[in-house]
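Peer 1: Got a structure for you, written out below as structure tokens; questions coming shortly.
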Amino acid sequence: MKKAVYVLLIAVVLLGAAAAAVYNTAAGQDALFKRAATALMSRSPDQFDGLRVVVCGSASPLGNDPSRAQACIAVVTPQHFFLFDVGARSPLRIAQARLPMARLNGVFITHFHSDHIAGLADVNLASWVQGRPAELHVYGPAGVRQVVDGFNHAYQLDRGYRTAHHGADLLPPERGTMRAQPFKAGEVVWQDELMTVTSFAVEHPPIDPAVGYRVDYRGRSVVISGDTNAADTLFTAAEGADLLLHDALSRTLLDPMIASATAAGVPVLPAIMTDVIDYHADATVLPQRAVDAGIKQLAFYHMVPVPANALAARMFLRNIPDSVIVVSDLHTFDLPPDSAEIHIHEP
Ligand SMILES: [Zn+2]
Ligand SMILES: [Zn+2]
């Protein structure tokens, strides 16, 4: 018995010494790094045969929480990859989720607040240098041309540097730009034999136009609100949808924040926080509206404000049914075709 313990101890010491030798020598480090790089480069993105929805940004409009990127939802199928809004830091989440940038089909923008468009240039660059076969199509209501032209102009030098460095065969300049695709709210914006993307007007006054989108794919559907009050137009368009991702504002949290900022004499902020109340949906009214519209699953994705801790999270969910999901970045919803199932993967 004693002998067995000694043998085990010696084995542990020898193993530790061997590991230290590998970790602390150039040859050992090179071997470990080569193994890790091979695994990383040969790993293909996770495939799912259905409608996959990935939250690539769930922050509040003016939030600086480093764990949340600004507004972004990815919709991925074996045949399609679309992004709906690309706020700041969302390109990081897109990379973390290993979304298939080389086959990015387009970006749909709900409106042109900065927290919905700030990542456009990074998404355009990342998909171009990973082999996107054409210009990046950016769909949006009136105003999209101005935004896209502005980004194209601002990044013209950058694109030139990259083509000069890597060559036009590798990075053809004609694929490096974005192309605006304007539409009117209410129109079907994109369609093929498997997928339909329909727009609808929302209420985000004074921002006009502002739209949301419904995506239908092989008997499944997801609706993305963008920024809006609880709007009849949205709930009509979302009738019977499987999943609704909606922005949500909490008076339970916002009212005391406004009162505290006012009492402390903080400039500007109390007025800004008061102004947002009438252009984001009150979280407490959404669950019943979703039930009335026959929506199977409601999730909050653009929270005003994002709860800063567990106490605030409990307050945000006061009077909200347990079935409602408050998403985090990288929350993933898998909707198998022609089914009623939703498989939810928490990050
Ligand atoms: Zn927003
Ligand atoms: Zn907005």
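Values in this text are rule-based calculations from the coordinates and carry no lab data. All values derive from a computational prediction rather than experimental measurement. Methodologically, a virtual Cβ is constructed for each residue, glycine included, from the backbone with ideal geometry; neighbour enumeration extends over all protein chains shown.
Peer 1: Which value in nm describes the separation of the simple spin-label points at ALA168 and LEU15, placed 7 Å from the Cα toward the beta carbon?
Peer 2: That separation, rounded to one decimal, is 6.0 nm.
Peer 1: Separation between the VAL5 and ALA312 pseudo-spin-labels, each 7 Å from Cα along Cα→Cβ, expressed in nm?
Peer 2: 5.3
Peer 1: Right, next: Could you identify which residue out of LEU171, LEU15, LEU298 has the top mean-square fluctuation in a GNM of the chain using Cα springs shorter than 10 Å?
Peer 2: Looking only at LEU171, LEU15, LEU298, the biggest GNM fluctuation is shown by LEU15.
Peer 1: How many angstrom lie between the Cα centre of the stretch 287-319 and the Cα centre of the stretch 195-256?
Peer 2: Between the Cα centre of the stretch 287-319 and that of the stretch 195-256, the gap is 14 Å.
Peer 1: If you don't mind, there's one more thing I want to ask. Give me PHE84, PHE48, PHE333 ranked fewest to most by other Cβ atoms within 10 Å of their Cβ, as a rough exposure proxy. Kindly include the intermediate steps, with their values, before the conclusion.
Peer 2: Details: PHE84 28, PHE48 15, PHE333 24.
The fewest-first ordering by Cβ neighbours comes to PHE48, PHE333, PHE84.
Peer 1: How high is the relative contact order of the stretch 141-238, in percent, with contacts defined as C-alpha pairs under 8 Å that are six or more residues apart?
Peer 2: On the way: 133 pairs, mean separation 20.4, N = 98.
Computed over the stretch 141-238, the figure is 21 percent.
Peer 1: What's the exposure ranking of THR236, THR77, going from fewest to most Cβ atoms within 10 Å?
Peer 2: If I rank by nearby Cβ atoms, fewest first, I get THR236, THR77.
Peer 1: Among DSSP bridges having both ends in the chain, what percentage is antiparallel? Round to the nearest 5.
Peer 2: 60
Peer 1: Points 7 angstrom from Cα along the Cβ direction at GLN96 and ALA31: gap in nanometres?
Peer 2: Result for the modelled spin labels: 3.4 nm.
Peer 1: Another question about this same structure. Sum -39500 (n - 2.57) across every DSSP H segment of at least 4 residues in the chain, then divide by the residue count to get the 222 nm mean residue ellipticity, nearest 500.
Peer 2: Computed ellipticity for the chain at 222 nm equals -10500 deg cm²/dmol.
Peer 1: If you don't mind, there's one more thing I want to ask. Within the stretch 1-95, which trypsin sites (Lys or Arg not before Pro) sit in a loop by DSSP and count at most 14 neighbouring Cβ atoms inside 10 Å?
Peer 2: ARG43
Peer 1: Using the Karplus curve 6.51 cos²θ - 1.76 cosθ + 1.60 with θ = phi - 60°, work out ³J(HN,Hα) for each residue of the stretch 324-337 in order, rounded to whole Hz, and write x for Gly and Pro.
Peer 2: Per residue, the Karplus-derived 3J(HN,Hα) values read 6, 9, 9, 7, 10, 4, 6, 4, 10, 10, 10, 10, x, x Hz.
Peer 1: Of MET101, MET303, MET315, MET41, how do they rank once you tally other Cβ atoms within 10 Å and put the fewest first?
Peer 2: Sorted ascending by nearby Cβ count, the order is MET41, MET315, MET101, MET303.
Peer 1: If you split all Cα-Cα distances of the stretch 135-287 into 10 Å bins from zero, what percentages do you get per bin, shortest first?
Peer 2: 10, 27, 25, 23, 13, 3, 0
Peer 1: Helix 251-263 versus the longest principal axis of the chain: what angle, 0 to 90°, nearest 10, using Cα atoms?
Peer 2: On a 0 to 90 degree scale, this one is about 90.
Peer 1: Still on this structure, please answer the following. Just the number: Rg to Rh for the chain, Cα atoms, Kirkwood Rh, two decimals.
Peer 2: Working: Rg = 23.8 Å, Rh = 22.2 Å.
Result for the chain is an Rg/Rh of 1.07.
Peer 1: Can you tell me the orientation of helix 120-129 relative to the chain, as the angle in degrees between its alpha-carbon axis and the longest Cα principal axis, to the nearest 10?
Peer 2: Between helix and principal axis, roughly 40 degrees.
Peer 1: With the contact rule set at Cα under 8 Å and sequence spacing of 6 or more, what percent relative contact order holds for the chain? Walk me through the numbers before you get to the answer.
Peer 2: Numbers: 663 pairs, mean separation 55.1, N = 347.
Reported as a whole number, the value is 16 percent.
Peer 1: Further question on the same structure: Based on alpha-carbon centroids, what's the gap between the stretch 81-109 and the stretch 139-174 in Å, whole number please?
Peer 2: 17
Peer 1: Here's another thing I want to ask about it. Nearest 5 is fine: what % of DSSP beta bridges in the stretch 225-347 come out antiparallel, could you say?
Peer 2: Here the share of antiparallel DSSP bridges comes out near 25 percent.
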